[in-house]
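One structure, as structure tokens, below. Some questions next.
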Amino acid sequence: MNAQIRFKKLIQTALLAALCFVSFTYLQIKIPMPGGDATSLHIGNAFCVLAALLLGGWYGGLAGAIGMTIADLLDPVYITVAPKTFVLKLCIGLITGLIAHKIAKISESDDKKYILKWSIISSIGGLAFNVIADPIVGFFYKQYVLGQPQDAAVILAKLSAVTTFVNAVVSVILVAIIYNAIRPILKKSGLLLPV
């Protein structure tokens with residue numbers, strides 16, 4: 001990858017990280033939990049997945065990880081879970097990118113139906129990981145790293161599983177619409193970079 005493409009990818013990564021931050025910070029419905037915790041309905045993960053589809057797993061995962069970790073660090077309710085957020089969002093991007101670009105090779109195709117199908121499958125793959133991992137990792141993180149009582153960690157994990165599933169369904173729909181709408185525009189303008 002030459003320096004010019006790498007520079008453009010970094011700019012797009014920063015833009016998508018900002019979209020992750022803004023969508024999580026300002027477009028969320030926070031659900032307060034006992035003990036000062038919270039879970040939320042948000043579309044931040046949609047932009048993490050979108051970044052992985054546009055830029056590949058590493059850049060997309062970093063966009064989601066950086067944007068949503070900064071959002072956590074600036075929110076007193078979520079500041080303690082920022083390390084967990086970084087790892088999980090990076091994994092969402094890596095898994096989505098792996099399915100989309102290494103298995104399906106959507107960046108090499110012009111078949112709109114094929115791209116739509118695999119962008120949905122890739123989104124489901126990355127977000128299904130999050131639906132399973134977020135509550136489990138959250139439980140162990142809250143209990144063993146933060147020292148939260150087991151009962152509170154179990155309740156939070158259960159509610160987190162529900163909100164994470166809802167977030168995933170909404171995100172898959174959004175990503176399918178947004179990615180398949182902007183991909184041809186970016187390609188025509190020369191802004192769809194090689195993965």
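So if I place +1 on the C-beta of Lys and Arg and -1 on the C-beta of Asp and Glu, and nothing else carries charge, what would the dipole magnitude of the stretch 63-154 be about its Cα centre? I want it in debye, nearest 20.
Working: 8 positive and 7 negative charges, 54 e Å.
Computed about the Cα centre, the dipole is about 260 debye.
Can you give the FRET efficiency for Leu41 and Ile182, using 1/(1 + (r/R0)^6), R0 = 30 Å, r = Cβ-Cβ distance, to the nearest 0.05?
Efficiency computed from Cβ-Cβ geometry: 0.80.
Another question, then. Can you pull the percent of the stretch 3-189's accessible area that's carbon plus sulfur, 1.4 Å probe, other chains left in place?
Details: 6880 of 9160 Å².
Its accessible area is 75 percent carbon and sulfur atoms.
Hey, another quick one. Mean-square fluctuation check for the chain, GNM, Cα pairs under 10 Å: which of Leu94, Leu116, Leu41 is largest?
Fluctuation is largest for Leu116.
Convert each backbone phi in the stretch 11-23 into a coupling constant with the Karplus relation 6.51 cos²θ - 1.76 cosθ + 1.60 (shift: θ = phi - 60°), then list the ³J(HN,Hα) values in order as whole Hz, x for Gly and Pro.
Those phi angles translate into 5, 5, 4, 5, 4, 6, 4, 5, 5, 4, 4, 5, 5 Hz.
Follow-up question, since we're still on this one. With unit charges on the beta carbon (Lys/Arg positive, Asp/Glu negative), name the residue among Phe139, Gly190, Val172 whose Cα is farthest towards the positive pole of the charge dipole of the chain.
Gly190
Charges only on Cβ, +1 for Lys and Arg, -1 for Asp and Glu: so what's the dipole of the stretch 3-189 about the Cα centre, in debye to the nearest 20? All intermediate terms of the calculation are to be shown ahead of the outcome.
On the way: 16 positive and 8 negative charges, 146 e Å.
Approximately 700 debye in magnitude.
Hey, rough spin-label estimate for Val166 and Ile136, points 7 angstrom out along Cα→Cβ, what's it come to in nanometres?
Modelled inter-label distance: 2.4 nm.
What nm distance separates the two modelled labels at Lys8 and Val87, each placed 7 Å from Cα along Cα→Cβ?
3.6 nm
Rounded to the nearest 500, what is the chain's calculated 222 nm mean residue ellipticity when only DSSP H runs of at least 4 contribute -39500 (n - 2.57) each, over all residues?
Working: 6 runs with 138 residues, N = 195.
For the chain, the value works out to -25000 deg cm²/dmol.
Return the long-range amide H neighbours of Thr39 (sequence gap of 5 or more, or a different chain), with a cut-off of under 5 Å between placed amide H atoms.
Ile31, Met33
Could I ask something else about it? What distance in nm separates the simple spin-label points at Ile173 and Met1, each placed 7 Å from Cα in the Cβ direction?
Each label point is offset 7 Å from its Cα along the Cβ direction, giving 3.3 nm.
While we're looking at this one, here's another question. Cα to Cα, under 23 Å, and not fewer than 8 places away if on the same chain: which lysines meet these conditions relative to Lys142?
By straight Cα distance, Lys142 reaches Lys30, Lys84, Lys89, Lys158.
Next question. Quick one: 3J(HN,Hα) in Hz for the stretch 84-96, Karplus 6.51/-1.76/1.60 with θ = phi - 60°, rounded, Gly and Pro as x.
Once θ is set to phi - 60°, the couplings for the stretch 84-96 become 5, 4, 4, 5, 5, 5, 4, 5, 4, x, 4, 5, 4 Hz.
The values are calculated or read from the model by the stated rules, or taken from the named source; none is laboratory data. Please read all numbers here as calculations on a predicted model, not as lab measurements. All Cβ positions, even for glycine, are placed from backbone atoms using ideal geometry, and neighbour counts span all protein chains on display. Accessible surface areas use protein heavy atoms only, side chains included; no ligands, DNA or RNA. Shrake-Rupley method; radii C 1.70, N 1.55, O 1.52, S 1.80 Å.
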